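Reading through the structure tokens given below for one structure.
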Amino acid sequence: MKTPNYDLKKTELTDTFEDWIDNDAENWDIVDSALKSADEKSAEDISFTDTFNIADGATNVNSALINIGTKADTIKDRKYASVVVGTTQSGHTLADCDYLCDGTADQVEINAAITALPADGGEIIILDGTYNITAKINLNKSNVTISGDGNSTILKRMYDSSSSEGVITLTSANYCKIKDLQIDGNKATYDSSNNIGIRLTSGSNNTVTGNTCNNNTSYGIFLTSSSNNNTVTGNTCNNNTYGIILTSSSNNTVTGNACNNNTSYGIYLNSSSNNNTFTGNTCNNNTYGIYLTSSSNNNTVTGNNCNGNDYGIFLNSGSNNTVTGNTCNNNTSYGIVLVSSGGNTVTGNTCNNNNIGIYLNSSSTNTVTGNACNNNTSYGIFLTSSSTNTVTGNTCIRGTGLPDDYTSGQYTIRLNGTNNNYNLIATNNCMGKAVVVDGGTGNSVYGNKWDAGNDLE
Amino acid sequence: MFRLLGRKAELYRYKITYLEDEIEIQENCISEEHKNEIEQMLKDKKLSFETQEIDQANNEWFNGLEFKSYDEALEVFNLGEQEYMKRKERLLLIDNLKLRADIDFIAIMSEVEL
């Protein structure tokens with residue numbers, strides 16, 4: 001039995017404590033007993049130093065557990081359906097686990113464990129080791145948690161899928177959790193374009209967290225067909241074609257993931273995937289860092305790092321998205337790109353050392369404000385065939401902001417061609433080279449600072 | 001064929017046309033140096049291109065003029081040099097007449113004989 005050192009607040013149960021309760025039926029019995037004999041007089045914050053304190057049934061403990069009663073009840077429901085899977089490859093025996101794999105077609109035991117869970121779910125704990133997977137792990141039951149021991153639990157793909165599927169494929173299941181697993185796509189040997197790490201189809205309120213999904217021929221993590229209200233957090237999806245992809249899926253939270261060195265996209269959003277939040281992800285050294293396309297609207301992309309890609313953040317045919325506080329540096333083409341996109345807000349981003357900092361192509365009625373677009377090779381901000389945009393308060397300078405820091409082909413802000421109309425370009429810091437307007441009508445260009453003595457008014 | 005750099009109009013001297021990602025792109029250049037820079041960039045990218053010189057012989061009067069907006073610049077450009085000069089002279093005459101009227105007014109009020 002573990003002897004954890006917990007800090008349990010009266011209104012919440014820490015994950016560590018929750019794990020401890022889940023780990024052993026005896027632990028739950030202790031909590032259950034404490035709940036039944038609860039004393040509501042005290043509700044102070046409790047610090048547990050070891051399991052013995054809980055077993056003592058101290059008054060404070062009881063009160064704290066009553067205060068988290070609702071959550072504890074959920075745990076109680078789950079507690080009695082906990083199944084452990086191990087493998088002989090790591091020296092496990094049936095004394096360690098309920099299902100013992102042998103290194104061949106290990107999904108058979110794992111799927112059997114899922115099947116064995118009651119209809120209202122439970123938990124599958126997969127112990128450390130390498131599990132050879134020759135068909136999908138089929139998660140089709142709600143309220144199921146599949147958890148591993150981090151990168152020590154490896155689910156290794158040993159087959160090519162004949163249709164698009166993940167090593168773990170969740171279908172029409174809700175409130176599931178897939179966590180702390182390493183899924184090795186093994187694309188050096190199995191290179192079908194159907195091969196995916198984790199796939200969620202028509203699943204809602206699921207959590208995918210702490211997994212490593214590398215080396216998949218196709219996608220690391222894939223949410224599709226109205227997979228809504230899911231949380232994808234703290235995963236690593238490297239060396240795939242796409243790191244994380246959402247199609248026709250809305251209201252999801254994708255945060256704190258690392259999606260690097262994927263051949264196409266770090267994070268890809270497609271087919272009317274709306275109201276999703278992408279926060280604090282790292283998408284470096286892909287072709288596209290984060291890419292939103294095909295009427296993916298009302299999404300929030302904030303605080304992400306998209307460096308060293310060809311394109312940092314790319315919005316294609318997207319509306320009313322918010323792109324704020326991202327860092328898009330050292331991309332070979334563009335930091336942030338909007339193509340055929342309208343009504344988006346691009347604010348407070350850092351887009352330095354790209355070819356173009358921010359690029360609007362055939363995009364109208366967007367707000368581009370307060371961004372830093374410095375030392376870009378060709379343009380700080382570049383507009384082509386784009387109208388009624390507001391471009392204000394940005395900093396677009398090269399070097400120390402002197403004319404000599406610019407060649408003829410380098411610009412701070414440029415309205416290129418004759419199809420940019422009715423844009424507002426004002427109060428930008430363009431030290432060293434004034435805003436260039438090639439054509440168009442009704443553009444208001446004023447108040448931009450471009451040398452020590454002159455403002456454009 | 002000109003651009004506005006801040007307030008200053010600059011005539012384009014060269015037109016470079018090239019294909020990138022199957023899209024035809026046209027880049028205009030205000031000087032030979034500018035043209036050389038763009039051509040070098042395209043060579044580095046291994047893109048084929050075509051450069052044409054733009055005949056601006058009749059538009060030299062326009063180069064370097066300053067305007068508050070591209071719309072104003074375009075209006076003047078479309079007027080042509082003669083019409084622009086007429087307008088400029090007319091504006092100058094109006095300014096002079098206003099100035100003379102102001103001086104006359106001050107002289108009358110000051111009872112000074114000019």
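The values are calculated or read from the model by the stated rules, or taken from the named source; none is laboratory data. In this text, all values refer to a predicted model and were calculated from it rather than measured experimentally. Positions of Cβ are backbone-derived with ideal geometry, glycine not excepted, and every protein chain shown enters the neighbour counts.
Among the residues of segment A:181-201, what is the count of those that are surrounded by fewer than 21 Cβ atoms within 10 Å (Cβ to Cβ), part of a loop (DSSP other than H, G, I, E, B) and under 18 Å from the mean Cα position of the chain (by Cα)? Looking only at that region, the number is 0. If A:S408 satisfies every condition in (1) polar (S, T, N, Q); (2) touching an Asp or Glu at 6+ places or on another chain (Cβ under 6 Å); (3) crowded, with 19+ Cβ neighbours inside 10 Å but one, which is the exception? Result: A:S408 passes all but (3). For segment A:79-99, the tally of residues that are in contact (Cβ under 8 Å) with a residue 24 or more places away in the chain, assigned to a strand (DSSP E or B) and out of contact with any Phe, Trp or Tyr (no Cβ under 8 Å at 6 or more places or on another chain) stands at 1. Please indicate, with yes or no, whether at least one residue in segment A:141-154 is more than 18 Å from A:I245 (Cα to Cα), touching a residue at least 40 places away in the same chain (Cβ under 8 Å) and hydrophobic (A, V, I, L, M, F, W, C). No, because not a single residue in segment A:141-154 is more than 18 Å from A:I245 (Cα to Cα), touching a residue at least 40 places away in the same chain (Cβ under 8 Å) and hydrophobic (A, V, I, L, M, F, W, C). If the condition is being assigned to a loop (DSSP other than H, G, I, E, B), over 12 Å from the mean Cα position of the chain (by Cα) and either surrounded by fewer than 24 Cβ atoms within 10 Å (Cβ to Cβ) or at positive phi (or both), then segment A:276-322 contributes A:N284, A:N285, A:T287, A:S294, A:S295, A:N297, A:N298, A:N307, A:G308, A:D310, A:S317, A:N320. From the list A:V435, A:V368, the one residue that fits, being within 12 Å of another protein chain (Cβ to nearest Cβ) and buried (at least 18 other Cβ atoms within 10 Å of the Cβ), is A:V435. Counting only strands (runs of 3 or more DSSP E) that fall entirely inside segment B:1-90 and contain at least 3 residues that are of a type in the set (A, V, I, L, M, F, W, C) and at the interface with chain A (Cβ under 9 Å from one of its Cβ atoms), the qualifying elements are B:2-5.
Scanning segment B:82-110 for residues that are exposed (fewer than 10 other Cβ atoms within 10 Å of the Cβ) and either in contact with a His (Cβ under 9 Å, 6 or more places away or on another chain) or within 23 Å of B:L65 (Cβ to Cβ) (or both) yields a single hit, B:Q82. Scanning segment A:112-120 turns up at least one residue that is surrounded by fewer than 16 Cβ atoms within 10 Å (Cβ to Cβ), at pLDDT 95 or above and of a type in the set (A, V, I, L, M). The single residue among A:G442, A:G399 that is surrounded by fewer than 21 Cβ atoms within 10 Å (Cβ to Cβ), within 11 Å of chain B (Cβ to nearest Cβ) and either at pLDDT 95 or above or in contact with a helix residue (DSSP H, G or I) (Cβ under 7 Å, 6 or more places away or on another chain) (or both) turns out to be A:G442.
Restricting the first member to segment A:186-208 and to residues that are at positive phi and modelled with pLDDT under 95, and the second to residues that are part of a loop (DSSP other than H, G, I, E, B) and crowded, with 16+ Cβ neighbours inside 10 Å, no beta-carbon pair is closer than 8 Å while six or more apart or on different chains.
Annotation for segment A:122-142: at least one member residue is under 23 Å from A:G234 (Cα atoms), of a type in the set (S, T, Y) and out of contact with any Phe, Trp or Tyr (no Cβ under 8 Å at 6 or more places or on another chain).
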